[in-house]
Amino acid sequence: MTVMLAIRNLTRRFPARRSLADLLRGRPRQAVHAVEQVSLDVHRGETLGIVGESGCGKSTLARCLVRLHTPDAGSLAFEGADVLALEGPARRAYNRRVQMVFQDPYSSLNPRLTVGETLAEALHVHAIVPKADIPARVRALLDLVHLPHDAAARRPHEFSGGQRQRIGIARALAVEPHLIIADEPVSALDVSVQAAIVNLFMELQDRLGLTLVFITHDLRLVRHMTHRVAVMYLGRIVEVGPTAALFAAPRHPYTQALIRAVPQVKPGRRTTEAAVIGELPSPLEPPPGCAFHPRCPLADATCRRDIPVLEGRGGAWDVACHQA
Amino acid sequence: MSLLDVVDLRVTFSTPRGPVHAVDGVSFCVASGEVLGIVGESGSGKSVTLRAIPKLLHANAAVTGTVRWRGADLHTMPAEDLRRVRGGQIATVFQEPMSALNPVLPIGLQIDEVLTAHTTLDTAARRRRAVELLGLVGIASPTTRLDQFPHEFSGGMRQRAMIAIALAAAPALLLADEPTTALDVTIQDQILKLLLRLVADLGMSLVLVTHDLGVIAETCDRVAVMYAGRLCETGSVHNVFLRPQHAYTHALLRSMPGEGAARAMLVPIPGQPPRIDRPTAGCAFAPRCSFVEDLCTTTRPPLIDVAPQHRSACYAAARLPVRAA
């Protein structure tokens, strides 16, 4: 298994707005700790799931990977090359090979361009095919995502949510990427439509040998379609391992709670016992030590003091927990 | 005897582009202490059905049919009586607590409004009751929290506060419209478990509207499946999930991840969700259905008993494959 993208100690913080009162009292500016010291490998050909609840930093991480955000610290190596140092043509080449599919297919497509123009623009900017071949390539892309050829002449508003997401995927595929980062690509869709888009991702991956980073809050999807999964909590990865094994026997208390909290589509599991108590802490002031300790049934003095390190537990399985 | 009886409910919105039949002949009942789930995709009419019960729809909605509450028709009773039922005996919790709560009033005052309207308690007793209610829904340091405003609460805490307001007058029926859809999964789990505990402890009935089959499976006694403003199927959660008798329910359950082996292709429902502004003659699901026959496209299937306590509106009910347990 070769490493395609190596993420090391990636950190991204966003300065919070300071109130006038804070300014007058000379309080320091606070920062949202969106992504903290994340290290993760993306292997060639795999589907890597990144899961977590809102504010855990999964979308910020995704945007750092395609350089929509510049990380404050850490490194990013794509096939050995330092991504953060890339400039000009080299950076464009990286963006060609690493493409993003966004959550909301309504706002990520230009409403004034026809689908054909959107796809042709990507083909033209990255000079993927000679100008004369663009119409044929547009049709081939529409075939790939199972849209009719007449879609090329229509504008995004004429399509349903599921079809729009197919257009978003076709746009990402236009530049022949090796790695696709998909940020909640099916969350805005109805259940009956979701399945078709999930199938499309799996089919394209098998046909084109793509590597896929699939970011979602939906654990059922992650369990179904990913090879490995990384669980994030408050900006950090708390556990990463092979999907089937991790879901069968999660080791981090947060992963355990998260999996228990997902309602199963099977009747007869009714209890009144919640999987985990408490709320997500503010990323402005993450708790000292392990960020999960205020909600964790196993927490002790060490957890309240020291940030646990993500370390190997055998079988390509890493856990960041003092107790597990 | 059932607490709530909805018979042939129809809701039509008049819009600039013509009438939209959002709810099209829906009948169901809710027994005392029961948890009924209404499930459907966007545009299925599930939320409109829920809001039509206590007459919470806008003026452009024309509602017909009867909604009987303990035998009395809510839609024909005098406004004065309806006001006593609404908030007093039937309370509602909405999806987005930030837009349902009044942002300029402290939470305590919003609870107090309900207590003033529906109880005879004096000021001090109302304050004690408000503290008690916040404690009941799991809000820590309730005395301090009473004087805070909605923006000082987190999403989960706001939904707890909404539930506290709804419970203030000790209603017999709680209507919850996607109460956990805006929340994270661990918080959703806490809120659903809270609702179940309240149902058990207070002997309340609950109607829960959701798009999530998992939420239905783990929370409800009975389920009503809606599609294009119509009721497809009603029955116990156990029967509907294990032996669905409507082709739509069957297809919906089959499309869920986790049914087959890991990375096996899912079984999507072909086509697009229906447009309710263009009603169909036969079964609304017919264009997407893999069990469709001629009759389905011409004649609307009636909702009939297919087994004890299990009703379905599907000509293919007997032909549906049995799902593996």
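The number of residues in the range A:15-46 that are assigned to a strand (DSSP E or B) and free of Cβ contacts under 8 Å to residues at least 40 places away in the same chain comes to 2. Scan the range A:73-99 for residues that are assigned to a loop (DSSP other than H, G, I, E, B) and modelled with pLDDT of 95 or more and the total you get is 0.
Looking across the range A:180-191, just one residue is touching a Leu at 6+ places or on another chain (Cβ under 9 Å), modelled with pLDDT under 95 and surrounded by 23 or more Cβ atoms within 10 Å (Cβ to Cβ), and that is A:Val186. For the range A:249-283, a residue qualifies if it is of a type outside the set (Lys, Arg) and away from chain B (no Cβ under 13 Å), and the qualifying residues are A:Ala249, A:Pro250, A:His252.
Yes/no matrix, rows are residues, columns are (1) modelled with pLDDT under 90; (2) touching a helix residue (DSSP H, G or I) at 6+ places or on another chain (Cβ under 6 Å); (3) under 28 Å from A:Glu158 (Cα atoms); (4) within 14 Å of chain A (Cβ to nearest Cβ):
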{"position": "B:Pro244", "(1), (2), (3), (4)": "no, yes, no, yes"}
{"position": "B:Tyr248", "(1), (2), (3), (4)": "no, no, yes, yes"}
{"position": "B:Leu266", "(1), (2), (3), (4)": "no, yes, yes, yes"}
{"position": "B:Arg275", "(1), (2), (3), (4)": "yes, no, yes, yes"}
{"position": "B:Ala318", "(1), (2), (3), (4)": "no, no, no, no"}
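Within the set B:Ser27, B:Ser32, the sole residue that is closer than 19 Å to B:Leu198 by Cβ, assigned by TED's automatic domain parsing to the domain that holds B:Met204 and not aliphatic (A, V, I, L, M) turns out to be B:Ser32. Within the range B:163-184, if we keep just the residues that are outside any strand (DSSP E or B) and crowded, with 24+ Cβ neighbours inside 10 Å, the residue that is farthest from the other protein chains (Cβ to nearest Cβ) turns out to be B:Ala168. The residue list B:Leu74, B:Leu36, B:Leu9, B:Leu57 contains one member that is surrounded by fewer than 20 Cβ atoms within 10 Å (Cβ to Cβ), closer than 20 Å to B:Val209 by Cβ and among the aliphatic types (A, V, I, L, M), which is B:Leu57. With respect to the stated conditions, A:Phe214 fails to be surrounded by fewer than 23 Cβ atoms within 10 Å (Cβ to Cβ), aromatic (Phe, Trp, Tyr) and more than 9 Å from chain B (Cβ to nearest Cβ).
Table: residues versus (1) touching a residue at least 60 places away in the same chain (Cβ under 8 Å); (2) touching a helix residue (DSSP H, G or I) at 6+ places or on another chain (Cβ under 8 Å).
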| residue | (1), (2) |
| --- | --- |
| B:Pro106 | no, no |
| B:Thr116 | no, yes |
| B:Ala125 | no, no |
| B:Ala130 | no, yes |
| B:Leu136 | yes, yes |
| B:Ile139 | no, yes |
| B:Pro142 | no, yes |
| B:Arg145 | no, yes |
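Quick check on A:Ile128: is it touching a residue at least 60 places away in the same chain (Cβ under 8 Å) and either of a type in the set (Val, Ile, Thr) or within 11 Å of another protein chain (Cβ to nearest Cβ) (or both)? Judged against the criteria, A:Ile128 is not a match. Among all positions in the range B:132-152, there is no residue which is within 22 Å of B:Arg84 (Cα to Cα) and in contact with a Phe, Trp or Tyr (Cβ under 6 Å, 6 or more places away or on another chain).
In the condition set (1) among the basic types (Lys, Arg); (2) free of Cβ contacts under 8 Å to residues at least 40 places away in the same chain; (3) within 18 Å of B:Glu34 (Cα to Cα); (4) touching a strand residue (DSSP E or B) at 6+ places or on another chain (Cβ under 9 Å), B:Arg263 is compliant with all but (3).
Taken over the range B:39-54, the criterion of being on the phi > 0 side of the Ramachandran plot and either surrounded by fewer than 24 Cβ atoms within 10 Å (Cβ to Cβ) or not assigned by TED's automatic domain parsing to the domain that holds B:Leu202 (or both) is satisfied by B:Gly43 alone. Restricting to the range B:192-211, and then to whatever is outside any helix (DSSP H, G or I) and crowded, with 20+ Cβ neighbours inside 10 Å, can you tell me which residue is nearest to the other protein chains (Cβ to nearest Cβ)? Once the filter is applied, the top-ranked residue is B:Thr210. Among all residues of the range A:70-80, there is none that is touching a residue at least 40 places away in the same chain (Cβ under 8 Å), within 23 Å of B:Asp184 (Cβ to Cβ) and not charged (D, E, K, R). Among residues of the range A:183-201 being assigned to a loop (DSSP other than H, G, I, E, B) and more than 7 Å from chain B (Cβ to nearest Cβ), the one that is farthest from the chain's Cα centre (by Cα) is A:Leu189. For the range B:77-130, the tally of residues that are in contact with a strand residue (DSSP E or B) (Cβ under 7 Å, 6 or more places away or on another chain) and in a helix (DSSP H, G or I) stands at 1.
Would you check if there is a residue in the range A:157-178 being in contact with an Asp or Glu (Cβ under 7 Å, 6 or more places away or on another chain) and crowded, with 24+ Cβ neighbours inside 10 Å? So far as the range A:157-178 goes, no, none of its residues is in contact with an Asp or Glu (Cβ under 7 Å, 6 or more places away or on another chain) and crowded, with 24+ Cβ neighbours inside 10 Å. Whether a residue is more than 12 Å from chain A (Cβ to nearest Cβ), buried (at least 21 other Cβ atoms within 10 Å of the Cβ) and among the acidic types (Asp, Glu) was assessed, and B:Glu233 passes this test.
The values are calculated or read from the model by the stated rules, or taken from the named source; none is laboratory data. Since we're looking at a predicted model, the values are computed, not measured. FYI the Cβ positions are ideal-geometry reconstructions off the backbone, even for glycines, and counts take in every protein chain you see.
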